[in-house]
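The values are calculated or read from the model by the stated rules, or taken from the named source; none is laboratory data. Please read all numbers here as calculations on a predicted model, not as lab measurements. No Cβ is skipped: glycine too gets one built from the backbone with ideal geometry, and neighbour counts run over all protein chains shown. Calculation scope for accessible area: heavy atoms of the full protein, side chains included, ligands and nucleic acids excluded. Shrake-Rupley method; radii C 1.70, N 1.55, O 1.52, S 1.80 Å.
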Amino acid sequence: MALIVQKYGGTSVGNPERIKNVARRVAQAREQGHQLVIVVSAMSGETNRLIALAKEVQPQPDPRELDVVVSTGEQVTIGLLCMALKEQGVPARSYTGAQVRILTDSSFTRARILKIDEERMRKDLDDGCVVVVAGFQGVDEAGNITTLGRGGSDTTGVALAAALRADECQIYTDVDGVYTTDPRVVPEARKLDYITFEEMLEMASLGSKVLQIRSVEFAGKYKVRLRVLSSFQDGGEGTLITFEDDIKMEQPIISGIAFNRDEAKLTVLGVPDRPGIAYQILGPVAEANIDVDMIIQNVGVDGTTDFSFTVNRNDMERAVAILENVKKHVGAREIRGDRSMAKVSVVGVGMRSHVGIASKMFRTLAEEGINIQMISTSEIKISVAIDEKYLELAVRVLHKAFELDQVGS
């Protein structure tokens, strides 16, 4: 008998029939003798509907009251799922984040979990009950309802698994695992049987939408075994996200290709080449809570240099406005922005013990006439910024070059 936390996303509980399907799946797992804690999201589209409703009343909704409104989406789902389980003859009890007492800080709309009181859940589990918990939400010390930000139900699932020391946390979604890349771009993409936490963190941060990055960080920190499975297919092992030490066979060199279409490049031309200039440019950008990704500073010529970096495309206008002020302050010549950027990354822990990955990546892109504009690297990934019109071609040729379409690659 194992203690398993299962998390079901919005599409998995998108209508009453799908909720009944989840109940059948939970009942089957219970028949196998497992203790189960189920975490659910709001029904698909419901959170967006509630946010839109709030904005009709107050164009810039008060964060505290917005959390009160949007948290009701999950409350509906937990009640309906418990009803569906009881129809199957399965004893079940629902809890909101506040009732479990998922204690968070007071950062409304993006709270972080501080502590979980698992006593009530353990009692229900010992009594043979399935525990159903609302994802995405908690409560602060003052008793205010808080929410964890988009994708927060994944984090709830992992956090409950950590608090309960569960044997596994299963994330049920609309895909049957983690793939070498997006199958919609590369039909030959393969489902991975396993991937390390480090690789999954890189994939999530680089644009893979399978798991929310905070949930992967949480799972890695608390050593929670994570498995991604499909809620629309029966059977299958999905993808296990685990530690490098737990994988006995040799790792493939590259595990996947991640990409992000939402990049914009900003260039500050004619910057005085002196110590502290990078901080003078990027400091105000960081203070505006704009994430900077790749950074390049050219070699100085005649006392000036050019400084380029990438941001999310949605942040470009704000960043340009900030840089126009910076330009006057530092005496730069010109600000240029390019919205037509994309980022492609190869990811794999095998890079640590293999050389030549970068040269192979660059040669493959060069053979297709794809110009690399910026490069960034870490121990287990290489990312390049390219023109967005070449994105899908780049992903396809890199996927083939690194033989990710081959079983056992």
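Some values worked out for this structure:
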item	result
Mean projected area in nm² (Cα convex hull; one quarter of hull surface) for region 270-328	3.9
Listed residue (224, 204, 171) projecting farthest to the positive dipole end of region 126-246, Cβ model	204
Carbon/sulfur fraction of accessible area - the chain, other protein chains in place, 1.4 Å, %	48
For the chain: relative contact order, % (alpha-carbon pairs under 8 angstrom, 6 or more apart)	13
Heavy-atom accessible area per residue - region 148-289, 1.4 Å, Å²	43
Alpha-carbon Rg with Dmax, taken over region 6-81, Å	15.0, 50
Per-residue [θ]222 nm for the chain (sum of -39500 (n - 2.57) over DSSP H runs n ≥ 4, rounded to 500)	-10500 deg cm²/dmol
Region 253-319, relative contact order [Cα under 8 Å, separation at least 6], %	44
Value of Rg to Rh for the chain (Rh from inverse mean 1/r over Cα pairs, i.e. Kirkwood)	1.01
Summed residue charge, Cβ within 13 Å of residue 157's Cβ, Lys/Arg positive, Asp/Glu negative	+1
For region 1-112: accessible area per residue (Å², 1.4 Å)	49
Coordinate range along principal axes, alpha carbons of region 43-200, Å, largest first	49, 46, 34
Sorted peptide list for 257-267, 310-320, 277-287, criterion being average Cβ within 10 angstrom, highest first	257-267, 310-320, 277-287
In Å, descending, principal axis extents of the Cα set of region 290-409	55, 29, 26
Fraction of antiparallel bridges per DSSP, region 155-285 only, in percent to nearest 5	35
For region 224-350: relative contact order, % (alpha-carbon pairs under 8 angstrom, 6 or more apart)	38
Cα-only Debye scattering, region 332-390: base-10 log of I(q)/I(0) at q = 0.12, 0.15 Å⁻¹	-0.35, -0.51
